[in-house]
Amino acid sequence: MNAVQDARALLDEALRSGSRRLLGIAGAPGAGKSTLAARLVRQLGEQAVLVPMDGFHLADAALERLGRLGRKGAPDTFDAGGYAALLQRLRTARPQDAPVWAPMFDRELEQPLAGAIEVGAEVPLVITEGNYLLLEDGPFAQVRAMLDACWFVEVPEGLRIERLIARHERFGKSPQAAREWALGPDEANARLVAGTRDRADVVVDLSCG
């Protein structure tokens, strides 16, 4: 598939119909979701906005209180209901409405930041990416119905894990801690995400990306 062409087709649908379209990009940790989503937004310019699922991470203080900090990134370490509510709000926005402000995740701080992404009501295409867009259980099960299309991105496992370890190191983990996290909590989440692959409209191989 040509990702840019397919995203532009959704954008054209939105412009013809006068109603916004939502494109989801799902996949395991390290598969390249955020890279692809950012590339699409750059190509489409002001007519598309990226709203990542990661903005709905629970803060570390909350995860520690709940006893979940050691598996940060699992489905129950996100405000999934809040994410679904935001997608619904984005779907139903009218041209005269005020902008919607979405959260983002700051990898330097490893914390979510509220009200960081402005989505003007006139923007015809919202792209959202995250691990759990295709889950069938729990609060994330609401998400798929909000999306006009959802892609699943993948790369060979060795490459995915290599990228993931490098990312953890880049944001402050020691090489040993990066490998342990990638092969521990991240791998458990990756197995869960892999089980959702068949619910996607399209599978995108990013081996060369």
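The values are calculated or read from the model by the stated rules, or taken from the named source; none is laboratory data. This is a predicted model, so every value here is computed, not measured. Note that we place each Cβ from the backbone using ideal geometry, even for glycine, and neighbour counts take in every protein chain shown.
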Residue, farthest from the chain's Cα centre (by Cα), within the stretch 115-141, restricted to residues that are part of a helix (DSSP H, G or I) and either modelled with pLDDT of 95 or more or more than 29 Å from D97 (Cα to Cα) (or both): A141
Does at least one position in the stretch 125-134 carry a residue that is among the acidic types (D, E) and surrounded by fewer than 18 Cβ atoms within 10 Å (Cβ to Cβ)? no
Take E129 and tell me if it is closer than 18 Å to R20 by Cβ and either in contact with a Leu (Cβ under 9 Å, 6 or more places away or on another chain) or not aromatic (F, W, Y) (or both). yes
Which condition from (1) at pLDDT below 95; (2) over 13 Å from the mean Cα position of the chain (by Cα) is the one that L90 breaks? (1)
Would you point out the residue of the stretch 147-181, among those that are part of a loop (DSSP other than H, G, I, E, B) and under 20 Å from V203 (Cβ atoms), that is nearest to the chain's Cα centre (by Cα)? L147
Considering the stretch 151-209 alone, what residues qualify as being within 28 Å of V4 (Cβ to Cβ), exposed (fewer than 13 other Cβ atoms within 10 Å of the Cβ) and polar (S, T, N, Q)? S207
May I ask you to list the residues in the stretch 51-80 that are of a type in the set (K, R), in a helix (DSSP H, G or I) and modelled with pLDDT of 95 or more? R65
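So that you can scan it fast, the table gives a plain yes or no per residue for (1) of a type in the set (K, R); (2) part of a helix (DSSP H, G or I); (3) loosely packed, with under 15 Cβ neighbours inside 10 Å:
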| residue | (1), (2), (3) |
| --- | --- |
| R8 | yes, yes, no |
| R16 | yes, yes, yes |
| L23 | no, no, no |
| R39 | yes, yes, no |
| Q43 | no, yes, yes |
| V49 | no, no, no |
| P95 | no, no, yes |
| E108 | no, no, yes |
| P112 | no, no, no |
Based on this model, can you work out whether R144 counts as under 16 Å from the mean Cα position of the chain (by Cα), under 30 Å from V4 (Cβ atoms) and among the basic types (K, R)? yes
Only one of (1) in contact with a Phe, Trp or Tyr (Cβ under 8 Å, 6 or more places away or on another chain); (2) part of a helix (DSSP H, G or I); (3) surrounded by fewer than 18 Cβ atoms within 10 Å (Cβ to Cβ); (4) touching a residue at least 60 places away in the same chain (Cβ under 8 Å) is not met by Y83, so which one is it? (3)
